[in-house]
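Here the structure comes first, spelled out in structure tokens, and everything after it is commentary.
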2 protein chains.
Amino acid sequence: MQPKNIEIEQKITKNLGKIKHKIFVLSGKGGVGKSTVSANVALSLVQNGYNVGLMDCDIHGPSIPKILGIEDKRPMSTENGIEPVLVSPKLKVMSMGFLLQDRDSPVIWRGPLKMTAIKQFISDFNWGDLDYLIVDLPPGTGDEPLSIAQLIPNSDGAVIVTTPQDVALLSVRKSINFVKQMNTPVIGIVENMSGFTCPHCNKTIDIFKKDGGLKTSKDFNIPFLGKIPLDPKIVESGDSGVSFMNEDSTSDTVKAFEAITERIVKNIEKNDKKEVK
Amino acid sequence: MQPKNIEIEQKITKNLGKIKHKIFVLSGKGGVGKSTVSANVALSLVQNGYNVGLMDCDIHGPSIPKILGIEDKRPMSTENGIEPVLVSPKLKVMSMGFLLQDRDSPVIWRGPLKMTAIKQFISDFNWGDLDYLIVDLPPGTGDEPLSIAQLIPNSDGAVIVTTPQDVALLSVRKSINFVKQMNTPVIGIVENMSGFTCPHCNKTIDIFKKDGGLKTSKDFNIPFLGKIPLDPKIVESGDSGVSFMNEDSTSDTVKAFEAITERIVKNIEKNDKKEVK
């Protein structure tokens, strides 16, 4: 017998109640590094001792399993529900990618079916007690990310990822208005692919232009979380599934992710204090 | 009185009947340069003397108006229907971007409403006699691009745009299977952001890795249309709306687009001949 809607809602409320902080990661357009930011912020939170969950809601292009090198893992069914994939003792991951039988198959599901799957990600999985749940939303500002966001009320806010060029910024402005409609705060903007340092001559080239994310954050008076350089090592690490954050602690890119994570935590804790007052 | 469904279908059939070739441009994930390829292939076809239409079906992130520098233009209503925006005597463009009152607003439309808009792009607009209609589909392999593709039967096929790295290729393989479900041929794969030449030391760096698109085309035995380098001039031209194809005919990037367009035309004409036999 299928559980009734009300039972599912109760399970969702119960499971979300055990999670202290919920963060959405979104972008107005795809390909700006939303999943790379989600994964590396999650890893950085784990390094800071937090219990973290990472929910990859990108139904059509789930890349979290590849980025984290867990493509062949599957969530396990137990007596008490389904266990997300355990990347390390403090990092649980769920992704649509785990449910695709054939990696090369596109998911052509109509809206309602997708929402049922995402609802189950929350209701039927044992996330347990988490400090942070990172929700990697589908790209864009359409009804799909909005519906998913509406499943998770009382979130701490949204991190918006962009690249510095105008065409991307056009959609970041849409994202800011979109987050307002989600009734959640903007935690801040991350500017990805920001400057490239030539490995041969060591000079920096702003391939995707410069400072666009910073400028937009000033225009809209929202926090700027930091810049991540365009780094072939991120591409390589995302492809090989070797955790980038554990690779080389002296790299500018790793430091950039650490600083961004620190600012996210700070901004959220600041909001916590405001609520206590 | 609203026109009946059957009237709309008749108008669509009539309008599509005046268009010799219809090409879909798609990508498994966003941010790989799908709209840049659509716009520059359209411009390159115009330079070859063809009458071209460009239909930007990316509802949530329409970037064609910005890329072509026609953000402030609007389609004009006439006695005989609505005129798409005329970029040059041989290039007509329609985009959801023209319909957004505020550039910063996200479009949060549920599925059926989106399809109504796209249907009108075909039924109510005077595309006239065209040699080529380029249809820039929304990114991904979800129900949205599929529904749009189903509105335009008897297309010549689909051009799949990707970047060279594995994470993008994961979704290109999904795209190939997706195109099969669209019941249209794959015209070929374009590998974008393929190699970067440092303007300071002139050395080439494969930031997003190398040859992934070429390799996939061999794996699946489908045509490879060519590589486009990662070129800050494309970023700049896409941002400023100055047509890249008219800028510098000696540039490697312009030559790459010209060669790709030539191969697209050749592949389509080859299929035409097959049908005549």
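The values are calculated or read from the model by the stated rules, or taken from the named source; none is laboratory data. Predicted, not measured: the structure shown is a model, and the values here were computed from it. Methodologically, a virtual Cβ is constructed for each residue, glycine included, from the backbone with ideal geometry; neighbour enumeration extends over all protein chains shown. Ligands, DNA and RNA are excluded from the accessible area calculation, which covers all protein heavy atoms including side chains. Shrake-Rupley method; radii C 1.70, N 1.55, O 1.52, S 1.80 Å.
In table form, for the structure just shown:
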quantity: Acute angle (nearest 10 degrees) that the helix B:166-181 long axis makes with the longest principal axis of chain B, alpha-carbon atoms; calculated: 40 degrees
quantity: Accessible surface of residue A:203 - all protein chains present, 1.4 Å probe, nearest 10 Å²; calculated: 110 Å²
quantity: Cα pair count fraction exceeding 15 Å, expressed as % - segment A:220-274; calculated: 57 percent
quantity: Shape of segment B:65-167, Cα gyration tensor, a/c cut at 1.5; calculated: rounded
quantity: Residue-normalised accessible area of segment B:210-270, given per residue in Å² at a 1.4 Å probe; calculated: 50 Å²
quantity: Contact surface A-B: accessible area buried, both sides summed, square angstrom, 1.4 angstrom probe; calculated: 4500 Å²
quantity: Sulfur and carbon atoms: percent of accessible area, segment B:60-158 [1.4 Å]; calculated: 50 percent
quantity: Label point 7 Å beyond Cα along the C-beta direction, distances from residue B:201 to other copies (nm, shortest first); calculated: 0.9
quantity: Copies compared at residue A:270 - label distances in nm, ascending, label defined 7 Å from Cα in the Cβ direction; calculated: 5.9
quantity: Where GluC sites (Glu not before Pro) fall in DSSP loop in segment B:1-99, at most 14 other Cβ within 10 Å; calculated: B:79
quantity: Convex hull volume of segment B:107-211 per residue (C-alpha atoms, cubic angstrom); calculated: 164 Å³
quantity: Cut-off under 5 Å, modelled amide H: who pairs with residue A:31 long-range; calculated: B:30
quantity: Viscosity 1.567 mPa s, temperature 4 °C, Stokes-Einstein D of chain A from Kirkwood C-alpha radius, µm²/s; calculated: 68 µm²/s
quantity: Long pairs among A:114/A:180; A:4/A:29; B:34/B:255; B:66/B:215, criterion Cα-Cα beyond 26 Å; calculated: A:4/A:29; B:66/B:215
quantity: Residue A:78 accessible area, assembled protein chains, probe 1.4 Å, Å²; calculated: 60 Å²
quantity: Selection from A:42, A:64, A:240 lying farthest towards where the dipole of chain A points positive, charges on Cβ; calculated: A:42
quantity: Percent carbon-and-sulfur accessible area, segment B:1-52, ignoring ligands, DNA and RNA, probe 1.4 Å; calculated: 51 percent
quantity: Projected-area average for segment B:136-277 over all orientations - Cα convex hull basis, square nanometres; calculated: 10.0 nm²
quantity: Largest-first principal axis extents, alpha carbons of the protein assembly as shown, Å; calculated: 66, 62, 45
quantity: Label-point gap, in nm, between residue A:18 and residue A:113 - each point 7 angstrom along Cα→Cβ; calculated: 3.0 nm
quantity: Partners for residue A:90 among lysines (Cα-Cα distance below 18 Å; same-chain residues under 8 apart left out); calculated: A:18, A:20, A:22, A:73
quantity: Percent RCO, i.e. relative contact order, over chain A, from Cα pairs under 8 Å lying at least 6 residues apart; calculated: 24 percent
quantity: Percentage of interatomic Cα-Cα distances in segment B:1-144 larger than 19 Å; calculated: 51 percent
quantity: Set of aspartates and glutamates near residue B:266 by C-alpha distance (under 16 Å), chain-local residues within fewer than 8 positions excluded; calculated: B:131, B:156, B:258, B:275
quantity: Theoretical ellipticity at 222 nm over chain B - DSSP helices of four or more residues, -39500 (n - 2.57) apiece, nearest 500; calculated: -12500 deg cm²/dmol
quantity: Net charge dipole size for the protein assembly as shown [Lys, Arg +1 and Asp, Glu -1 on Cβ; Debye, nearest 20]; calculated: 480 debye
quantity: Of the trypsin sites (Lys or Arg not before Pro) in segment B:1-46, those whose Cβ has at most 10 other Cβ within 10 Å and which sit in DSSP loop; calculated: B:4
quantity: Segment B:92-239, dipole about Cα centre (Lys/Arg Cβ +1, Asp/Glu Cβ -1), debye to the nearest 20; calculated: 420 debye
quantity: Teacher prompt: residue B:17 distances to equivalent labels in other copies, 7 Å Cα→Cβ, nm; calculated: 6.4
quantity: Dipole of the protein assembly as shown [Lys/Arg +1, Asp/Glu -1 at C-beta], most positive-end residue of A:224, B:201, A:147; calculated: A:147
quantity: Relative contact order %, segment A:17-90, counting alpha carbon pairs below 8 Å whose residues are six or more apart; calculated: 22 percent
quantity: Debye, to nearest 20: dipole size of segment B:1-86, +1 on Lys, Arg Cβ, -1 on Asp, Glu Cβ; calculated: 260 debye
quantity: Relative contact order, percent, segment A:148-246 [alpha-carbon distance under 8 Å, six or more residues apart]; calculated: 27 percent
